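Okay, so here's the structure we're looking at.
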Amino acid sequence: MWKYFVTPRHYLDHPTDDIFPNMLAESGIYKQPQYLADGVPTQGDCPILKTRLWNEKPTGKQDAVEYTERPACITPGKPWSIQIRYHLESIQKADMRTNLMLGTGGDKYLGPNDVFVTENVFTVSDNKGWTAHTVQFTAAQTQLFAKRPSPYVTSFMVPAGSEFNGGWQMVDSEKDLQIKYC
C-alpha cells in the first residue's frame, strides 16, 4: 500500500508545517493475502520516501491570505498584533477581516458554534504582488478573550462592502489554530 500526504507550510519568516496533513491518495489491493499461511515470511516495510518541498507557480488570477509572523502567545487585556500578507487579483477591491475567535469543533476548533470575539477590517485593492499589513488589536479587544478555551485567529477577504447575512462569500481565508495564552 502507498500513501501520499501534502502538508502546507505557513509563515515565510519561520516556516511551520500545517498541523493536519492532508492525504491526497491511497492505494492497496482488494483483499489482504495471508502472507504467513504459506510459510513465507514478510519482507518488512518499504522505505519511507524522502520529504520533497516545492512551490508551484500560480496559474490564472490568484487570491491569497497568509500570516508571515505568528506571535507566540496572546495576553487578554494587552495589545496584540499579527502580520498578514495578501494578494488579490480576482476582484478590484475586498474587505480584509481579521477576527479573534473561540473554537467549538470536535478538535476544539472550526465548529458550527464558534464564538466571534472581535474583528478588525480594512479595504484592500487588487495588486500585482504581495502586500504586507500588521493587524493591531487593542487591549480592550483582547480582554474579551478572558482566557476562555480554544482561541484562534482567522483572516479572510470578502467583496468590498459585503455584509454577513448568514454567511460570507469569501475570496480567500487563512486560520491560525496555534494561538496560546501567555
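The values are calculated or read from the model by the stated rules, or taken from the named source; none is laboratory data. These figures come from a predicted structure and were not determined experimentally. Note that each Cβ is placed from the backbone with ideal geometry, even for glycine, and that neighbours are counted across all protein chains shown. Calculation scope for accessible area: heavy atoms of the full protein, side chains included, ligands and nucleic acids excluded. Shrake-Rupley method; radii C 1.70, N 1.55, O 1.52, S 1.80 Å.
Give, as residue ranges, the strands (runs of 3 or more DSSP E) completely inside the stretch 77-182 that count at least 3 residues that are in contact (Cβ under 8 Å) with a residue 60 or more places away in the chain and under 16 Å from Y67 (Cβ atoms). Give the derivation first.
On the way: elements: 80-87, 93-102, 115-125, 131-137, 151-159, 172-176.
Strands (runs of 3 or more DSSP E) meeting the threshold: 80-87, 151-159, 172-176.
Could you tell me whether the stretch 124-131 includes any residue that is at pLDDT 90 or above, out of contact with any strand residue (DSSP E or B) (no Cβ under 7 Å at 6 or more places or on another chain), closer than 23 Å to G161 by Cα and charged (D, E, K, R)?
no
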_When residues of the stretch 99-108 are limited to those that are over 14 Å from Q141 (Cβ atoms) and not basic (K, R), the one surrounded by the most Cβ atoms within 10 Å (Cβ to Cβ)_ = G103
*Do you know which residues across the stretch 45-77 are modelled with pLDDT under 75 and open to solvent by less than 80 Å² (accessible area, probe 1.4 Å)?*
G60
*Selection within the stretch 109-124 - under 15 Å from the mean Cα position of the chain (by Cα) and either buried (at least 16 other Cβ atoms within 10 Å of the Cβ) or within 22 Å of Q143 (Cα to Cα) (or both)*: Y109, L110
*So is D63 under 15 Å from the mean Cα position of the chain (by Cα) and under 16 Å from F156 (Cα atoms) or not?*
yes
*Looking at the stretch 78-98, is at least one residue open to solvent by less than 50 Å² (accessible area, probe 1.4 Å), of a type in the set (D, E), modelled with pLDDT of 95 or more and out of contact with any helix residue (DSSP H, G or I) (no Cβ under 8 Å at 6 or more places or on another chain)?*
yes
*Could you list, in sequence order, all residues of the stretch 125-164 that are closer than 13 Å to I179 by Cβ and either exposed (fewer than 12 other Cβ atoms within 10 Å of the Cβ) or of a type outside the set (A, V, I, L, M) (or both)?*
F137, T142, F145, K147, R148, P149, S150, P151, Y152, T154, S155
